[in-house]
Amino acid sequence: GKIHVNCRGKYYPRTDSKIERVQVPDDKVDWSVPFPDYTPTSYTSPHILAAPPYADPKIGSSGFKPVWNALDGKINRSSHEGPYTILDGFPRNLHGRTGVTGRGALGRWGPNHAADPIVTRWKIINKKRVHDEKTGRPILQFVCIQRRDCGAWAIPGGMVDPGERVSVTLQREFQEEALNSLEMTPQQKKQTEQQLKFLFSGGEEVYSGYVDDPRSTDNAWIETVAYNFHENDQNGILYHLHLHSGDDAQAVTWKDICGEMNLYATHKDIIKEVAVKHQAHW
Ligand code: RP5
Ligand code: MG
Ligand code: MG
């Protein structure tokens, strides 16, 4: 993949106090290139240090014996991209230096596994597929959420819970962020799950691996598995589903897919795979 850039900004994102990242030039991102002056600050956010259930303990604390590069009980500590290095007890970011050590806002040391559902349909006006004037290709739309943490538009993805199957995470996160299932009655939730069951049983993997996310550190990063769930039928479920943002999403919309979209992290690169797969406008 491309060299990571989103985790090399001036400050670590969304902190009260300004945590400066050491500025890593492009040619020194790779660990194999010597960078003798490299002395990054360690930062792990207070809410992670408060030890919520989804977070690891501190490295070195008694009883914490992580099994790196493997399925560690219910926690997947292996990377989609192959083995990562452990240096002095700390996993090292597979994509190189970020200017900050510790976990930042991430709960796990090493890979933090997420899943991204890309739910698509064709753009229809007057019962006809709409084609782009320039490319002549039909326009795809995907369910896009606005993240509450930074305001950026993104795929409605989220973290895989320990022991959770990725297929479950994909549908759960979609329901939470794009349909506000957390505020549904158990009955409504069940009905929604039933409605989406068929669509979500027919997904295709379009990406798995590292995400260049602004929260990455030298010791913790996000990896994802992205699946496309596509509705071809203009009478199908995705043409009458009521979108309603929830949880860590503050807005939700059907977004026309095109190469000029501005999306969170590397979500645009992932969506491009979907456009190519469907021979849609990009
Ligand atoms: C991105 O962060 C992933 O691609 C996924 O969409 C998301 C997971 O983090 P949260 O939405 O749970 O913050 O890197
Ligand atoms: Mg979520
Ligand atoms: Mg999310």
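The values are calculated or read from the model by the stated rules, or taken from the named source; none is laboratory data. Please read these numbers as outputs of a predicted model, since none were measured by experiment. FYI the Cβ positions are ideal-geometry reconstructions off the backbone, even for glycines, and counts take in every protein chain you see.
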Can you tell me how many residues in segment 265-282 are among the aliphatic types (A, V, I, L, M), assigned to a helix (DSSP H, G or I) and either at positive phi or surrounded by fewer than 19 Cβ atoms within 10 Å (Cβ to Cβ) (or both)? 1
It is to be established whether one or more residues within segment 201-216 are on the phi > 0 side of the Ramachandran plot, touching a Gly at 6+ places or on another chain (Cβ under 8 Å), in a strand (DSSP E or B) and away from ligand 2 (no atom under 16 Å from the Cβ). yes
Right, P138: of a type outside the set (S, T, Y), surrounded by 15 or more Cβ atoms within 10 Å (Cβ to Cβ) and within 11 Å of ligand 1 (Cβ to nearest atom) or not? no
Considering every residue within segment 246-259, establish whether at least one is among the small types (G, A, S), at pLDDT 95 or above, buried (at least 18 other Cβ atoms within 10 Å of the Cβ) and within 16 Å of A178 (Cα to Cα). yes
Here are D30, D72: which of them is of a type in the set (D, E) and farther than 20 Å from V100 by Cβ? D72
Of the residues that sit in segment 156-179 and are more than 8 Å from ligand 2 (Cβ to nearest atom) and among the hydrophobic types (A, V, I, L, M, F, W, C), which one is nearest to P53 (Cα to Cα)? V160
Answer yes or no as to whether N235 is more than 28 Å from T39 (Cα to Cα) and outside any strand (DSSP E or B). yes
Pairs needed: first member in segment 116-144, without any contact (Cβ under 8 Å) to a residue 40 or more places away in the chain; second member anywhere, buried (at least 18 other Cβ atoms within 10 Å of the Cβ) and in a loop (DSSP other than H, G, I, E, B); C-beta distance under 6 Å; at least 6 residues apart or different chains. V130/K123; V130/I139
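Residues checked against (1) without any contact (Cβ under 8 Å) to a residue 60 or more places away in the chain; (2) within 16 Å of ligand 3 (Cβ to nearest atom); (3) under 21 Å from I86 (Cα atoms):
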site: L196; (1), (2), (3): yes, no, no
site: S201; (1), (2), (3): yes, no, no
site: D218; (1), (2), (3): no, no, yes
site: V225; (1), (2), (3): no, yes, no
site: D233; (1), (2), (3): yes, no, no
So, in segment 157-171, of the ones that are more than 15 Å from ligand 3 (Cβ to nearest atom) and either assigned to a loop (DSSP other than H, G, I, E, B) or of a type in the set (D, E, K, R) (or both), which residue ends up farthest from A251 (Cα to Cα)? G163
What number of residues in segment 89-135 are more than 16 Å from ligand 1 (Cβ to nearest atom) and among the acidic types (D, E)? 2
Scope segment 30-74; condition part of a loop (DSSP other than H, G, I, E, B), under 22 Å from D212 (Cα atoms) and over 22 Å from the mean Cα position of the chain (by Cα); matching residues: D30, W31, S32, V33, F35, Y38, T39, P40
Is it the case that V100 is within 11 Å of D256 (Cα to Cα) and β-branched (V, I, T)? no
